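Here is the structure we will look at.
The values are calculated or read from the model by the stated rules, or taken from the named source; none is laboratory data. Keep in mind it's a predicted model, so treat the numbers as computed, not measured. All Cβ positions, even for glycine, are placed from backbone atoms using ideal geometry, and neighbour counts span all protein chains on display. Accessible surface is based on the protein model in full, side chains and every heavy atom, while ligands, DNA and RNA are left aside. Shrake-Rupley method; radii C 1.70, N 1.55, O 1.52, S 1.80 Å.
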Amino acid sequence: MRNDGIPLKSAGRRTRSRLAALAALLAAASLSLRAFTVPEGIPLLRNGTFTESPDRPLHWVTRSTGDIGTFAVAPPTPDETAAVLTVKVAQAHTQPWMLELRQKLTTPLPKGRNLFLGFEYRISKGYAFHVYWQKESPPWPKFLALRLSEPVGTWTPCMVAVPVTEDLAADETSLSFHLAEVRGTLEIRNLTAVLVAEHVDLATIETNHQPVFGGDYYDNDWRNKVLARIESERKTDLQVEVTLNGAPAVGAEVTVTQTGRPFLVGLEVPAALLVDDLLETEGAAVLKRAQPTARAGLPALRERIGQPGLFQIITVTDALVWSNYAEWGADVTAKIIAAVSARGQLFRAHAAYIPAFRDAPPACRRMERPALLQAVDEHVRDIVQAHQGKVAQWVVLHGMLGASEIYDLIGSDSLTRAFQIAQKQDPAAALLVSDPDALLLPNPNRIEELIEFVTWLRKEGGTVAGVCLGTLMNRPYMAPQAVEARLDMLAAGLDGIPVYITSLALETDKEANQEAMLKDLLTLFFSHPVVAGVSFAQPWESAAVSPRCALYKADASPRKAGKLVESLFTAEWLTRSQGTTDANGQYALRAFNGTYRISAKAAEKTVTVDATVSAASPRVTIQAD
């Protein structure tokens, strides 16, 4: 008898049973080695080979609502060791999980480890399915999301790995296949999930797909919620009242045209894209490398940049960075700002103080503390003073949570001093802080640090008018739901300070994927009340670090993503309307917040007024006398 009351023989049988079960799992995992490499770790799935029952996928939950589809197990062929699960989808459904294959993960998953998923699949032409690692409770948040739609008709391995971002208890999460997006057939075999051994680096795990983590780009329920929020947050019930000789003007013809929006849309470009004589400077190196045919597209690109009603604010990425400003930027910045202002656009200056030696003049590295402190103060004073009254927004601090080597030497009070100096030199400019990484890091801790930093900065007298968040998105992609959760954190912690999405660029293998993912992201940003604008980086193929991020081709014609941006911000999210007043002399519509030009024609007389429409100002009165 053991001291816990269990007979020794019984305990021995249980131990042997557990070991046998573990051995079976390990054997099942080893079968996957025929198609792909499985990293060292603890197997998480039962019956991933579908061999434990001849007629059904034992240990898996299968759901088929109505007659949507069927599941069938085919035994291994003589030259295979794994059975094949065949899913036939007879009817597509707007909720693909109505046909589902799911298994709970019964092993605890500690934060900081990695999860590997591998399987082989074969699909019919036109078919697509979704794979999720998700929580087993509403709203079923996703830790991994993958959509597979190719190749067709051939067995293909899928290998993905993602970090475990929080401690997860046994049975708290599941692996789920959502299968009813479209009609077709899926065959799947050798399903393997592993909690990767602690010593194995995520970067060393062999994979061939980069999943979305933190949610899903194909979640229609989430998308509908966000679209509804646009209706509530960005629109107002506008009422136009027309009077004639002091009485309601019945049947007056009303034209409503939106001329501007409070949500800023911008571009971030190197200075050489804006000013011709910069093409021969060192700062134009990327354009020097461009083919002459690509440079020939520059005039057309400038027309795109300046097209009315689209890009309201321009940021130059290089000329005002301290090292460049000292070398060549000081000579050309006034000309750049003038070129932007001549097109009726605002200018955002980037950046007065970046506390990294790589962005400072080389001489700064050799300075002692007093000299370096003086140099920083004088640079902030001189650069802001030189362009006083011409800059709408100044990024005063950039990258201060990721690079601290300068203020480690001269003191953190240099950060607050920069704000005080900038405010004194240009009281009318909005002063911003910028973090290029916080929004998309795997862990949200940087968001918490950013909130703490801004709170501290304000207590020290810094007049923070906005927070810029870099959004350069590449693999592995963060899902919009995870981005939304971080925006919610900022909305709760920043006490009304707006957020500007900056350096927005999305690198994908296919234009169609870039377009679809960017639409979800822009819909999120436009809907969220804390976000006051977005600006796009690397917009032109010929000057982009990664041409696949671009909105415009070398000849300045739009890629699919460029067409999307133009359509959203010049048509879909802009109000234009015509109609006639009712018996009360009123014309009502649901309109986006912004500035408007509204005309009313009554008794052959047309009167036009300019107005700002918002929830606080929903009514416009026109006297057509």
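Just a few scattered comments:
- Subset of the range 130-150 [on the phi < 0 side of the Ramachandran plot and aromatic (Phe, Trp, Tyr)]: 132, 133, 143
- Selection status of residue 564, open to solvent by 10 Å² or more (accessible area, probe 1.4 Å), within 24 Å of residue 262 (Cα to Cα) and assigned to a loop (DSSP other than H, G, I, E, B): no
Residues are listed down the side, and each one gets a yes or a no for (1) in contact with a Cys (Cβ under 6 Å, 6 or more places away or on another chain); (2) free of Cβ contacts under 8 Å to residues at least 60 places away in the same chain; (3) more than 26 Å from residue 227 (Cβ to Cβ):
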residue	(1), (2), (3)
542	no, no, yes
556	no, no, yes
567	no, yes, no
588	no, no, no
596	no, no, no
622	no, no, yes
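- If you filter the range 174-195 down to residues that are part of a loop (DSSP other than H, G, I, E, B) and open to solvent by less than 20 Å² (accessible area, probe 1.4 Å), you find that the one that is farthest from residue 164 (Cα to Cα) is 180.
- Boolean, residue 313 is open to solvent by less than 10 Å² (accessible area, probe 1.4 Å), at pLDDT 95 or above and in contact with a Gly (Cβ under 6 Å, 6 or more places away or on another chain): yes
- Which listed residue, of 70, 81, 94, is open to solvent by 20 Å² or more (accessible area, probe 1.4 Å) and within 29 Å of the chain's Cα centre (by Cα): 94
- Among residues of the range 306-332, those that are among the β-branched types (Val, Ile, Thr) and either without any contact (Cβ under 8 Å) to a residue 60 or more places away in the chain or within 19 Å of residue 375 (Cβ to Cβ) (or both), counted: 3
- Output for the range 598-618, where each listed residue is among the basic types (Lys, Arg) and surrounded by 14 or more Cβ atoms within 10 Å (Cβ to Cβ): 601
- Test: residue in the range 373-392 that is in contact with an Asp or Glu (Cβ under 8 Å, 6 or more places away or on another chain) and assigned to a helix (DSSP H, G or I): yes
- Per-region count, the range 393-412, residues in a loop (DSSP other than H, G, I, E, B) and surrounded by fewer than 23 Cβ atoms within 10 Å (Cβ to Cβ): 7
- The range 234-273, subset under 27 Å from the mean Cα position of the chain (by Cα) and assigned to a loop (DSSP other than H, G, I, E, B), residue modelled with the lowest pLDDT: 270
- Test for residue 428: is it more than 23 Å from residue 489 (Cβ to Cβ) and part of a helix (DSSP H, G or I): no
- All positions within the range 518-561 that are assigned to a strand (DSSP E or B) and aromatic (Phe, Trp, Tyr): 536, 540, 552
- Candidates 318, 377, filtered to the one that is of a type in the set (Asp, Glu) and over 31 Å from the mean Cα position of the chain (by Cα): 377
- Pair list, Cβ < 6 Å and 6+ apart or interchain, from the range 56-73 residues that are within 11 Å of residue 91 (Cα to Cα) to residues that are basic (Lys, Arg): 69/88; 70/88
- Among the residues examined, residue 476 does not qualify as within 30 Å of residue 114 (Cα to Cα), open to solvent by less than 50 Å² (accessible area, probe 1.4 Å) and at pLDDT below 95.
- The sole residue among 487, 415 that is farther than 30 Å from residue 215 by Cβ, assigned to a helix (DSSP H, G or I), modelled with pLDDT of 95 or more and of a type in the set (A, V, I, L, M) is 415.
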